[in-house]
1. Could you tell me the ratio Rg/Rh of the chain? Both radii from Cα atoms, Rh via Kirkwood.
2. What is the order of MET133, MET1, fewest Cβ neighbours within 10 Å to most?
3. Mind checking which of LYS64, LYS54, LYS29 has the largest fluctuation in a GNM of the chain, springs on alpha carbons under 10 Å?
4. Residues with amide H under 5 Å of LEU35's amide H, sequence separation 5 or more or different chain, H placed in the peptide plane at 1.01 Å from N; which?
5. Relative contact order, percent, of segment 4-190 when contacts are C-alpha pairs under 8 Å separated by at least 6 residues?
6. In straight Cα distance, which lysines are under 20 Å from LYS18, not counting same-chain residues fewer than 8 positions off?
7. For segment 83-191, run through the chymotrypsin sites (Phe, Trp or Tyr not before Pro) and keep only the ones in DSSP coil with at most 14 other Cβ atoms within 10 Å of their Cβ.
8. Once R0 is set to 30 Å, what does the formula 1/(1 + (r/R0)^6) return for the Cβ-Cβ distance between ARG185 and GLU107, expressed as a FRET efficiency to the nearest 0.05?
Amino acid sequence: MDGILVPGGFGERGIEGKISAARYAREHKIPYLGLCLGMQVAVIEFARDVAGLKKAHSSEFDPKTPEPVISLLPGQDVNGAKGATMRLGAWRCQLVGGSLAERLYGEPQVHERHRHRYEVNNDYRELLHRNGMVCSGISPDYRLVEIIEIPSHPYFIATQFHPEFKSRPNRAHPLFRGLIEAALRRQGSQG
């Protein structure tokens, strides 16, 4: 295959398979784009297999995990109605200068649409960074990770938001266009 996209979703069905897909893409240098849950499984995989947190997981799928690299948004009430606790709508995102994300968008700040409850746990951000994962898109208050990438990989990027909400047949979202271009480069290099 020339590229892997792991989309958003809810529930634990197929999670370990999605984590394996992220690992396969990372280890075999296959272009990878993760969307929402696709970002979360990429972070779990990286935490387990690169950063050494063997029990890393999301508190959505394993509420008792000792290494919750993905957890509820700050301030959410676990007992509240799920629909009322989601992060919804368009939110601003600051892009790290020189990152793949900034190169793809061609600007330092974007607005993207969200629909989720879980986020990267800030307690693990420094460990992920030390091991080679860059948080290349951050909320303006620096509290929420919006985009992750692995600079040592030809194209490994994932978003907490949903770029498919803004992509159009005649105007592809920059992250989808980047994935297709990276997949074509990979295809050409193997021919």
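Bear in mind that the values in this text are calculations on the coordinates, not laboratory data. Note that the coordinates shown come from a computational prediction; the quantities given were computed from them, not determined experimentally. Backbone-built Cβ (ideal geometry, glycine too); neighbour counts: all protein chains shown.
1. Values: Rg = 15.7 Å, Rh = 16.7 Å.
Value, to two decimals: 0.94.
2. On the way: MET133 28, MET1 12.
Going from sparsest to densest Cβ surroundings: MET1, MET133.
3. Maximum among the listed residues: LYS64.
4. The list, which skips near neighbours in sequence, is VAL6, GLY8, THR159.
5. Numbers: 342 pairs, mean separation 43.0, N = 187.
Relative contact order of segment 4-190: 23 percent.
6. Excluding near neighbours in sequence, the set is LYS29, LYS54, LYS55.
7. On the way: sites: TRP91, TYR105, TYR118, TYR124, TYR142, TYR155, PHE156, PHE161, PHE165, PHE176; in loops: TYR142, TYR155, PHE161.
The qualifying sites are TYR142.
8. Working: r = 23 Å, r/R0 = 0.77.
That pair, ARG185 with GLU107, gives E of 0.80.
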